[in-house]
Amino acid sequence: MKRSLLCFGFLMILGGSGLAQMDRTAPAFYVVLNALTKSCTVADKLPRTDTPNITVASDTIYKSRAEAETAIKTLKPCNP
């Protein structure tokens, strides 16, 4: 009995993590900073980690391109 309850609890913990994942069907836009040119652009994908000069300027995920473009004007890394 204890073993079955323990197994059930373990399965619930593993299954619950799938519910917390982000919805992949929603559009996502990111503000990306090019460190060489000191300019920001809007991208629909996260930059790859192997490009050292291109980083994400903000941790925020925007739902539309217009929101991301207006955020560029207010972000400190984009406006030195």
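Derivation of every value follows stated rules applied to the coordinates shown; laboratory data play no part. All values derive from a computational prediction rather than experimental measurement. All Cβ positions, even for glycine, are placed from backbone atoms using ideal geometry, and neighbour counts span all protein chains on display.
Quick one: what are the phi-derived ³J(HN,Hα) couplings along the range 34-46, Karplus 6.51/-1.76/1.60 with θ = phi - 60°, whole Hz, x for glycine and proline?
8, 5, 6, 9, 6, 10, 10, 9, 9, 10, 9, 10, 5
At a Cα cut-off below 29 Å, give the lysines reachable from residue 76, other chains included and same-chain residues fewer than 8 away excluded.
38, 45, 63
Tell me which trypsin sites (Lys or Arg not before Pro) from the range 45-80 have a DSSP coil assignment and no more than 13 other beta carbons within 10 Å of their own. Don't skip to the answer; put the middle values down first.
Details: sites: 45, 48, 63, 65, 73; in loops: 45, 48, 63, 73.
Within the range 45-80, the qualifying trypsin sites (Lys or Arg not before Pro) (loop, at most 13 other Cβ atoms within 10 Å) are 45, 48, 63, 73.
Residues with amide H under 5 Å of residue 54's amide H, sequence separation 5 or more or different chain, H placed in the peptide plane at 1.01 Å from N; which?
Residues meeting the criterion, in which the H sits 1.01 Å from N, are 35.
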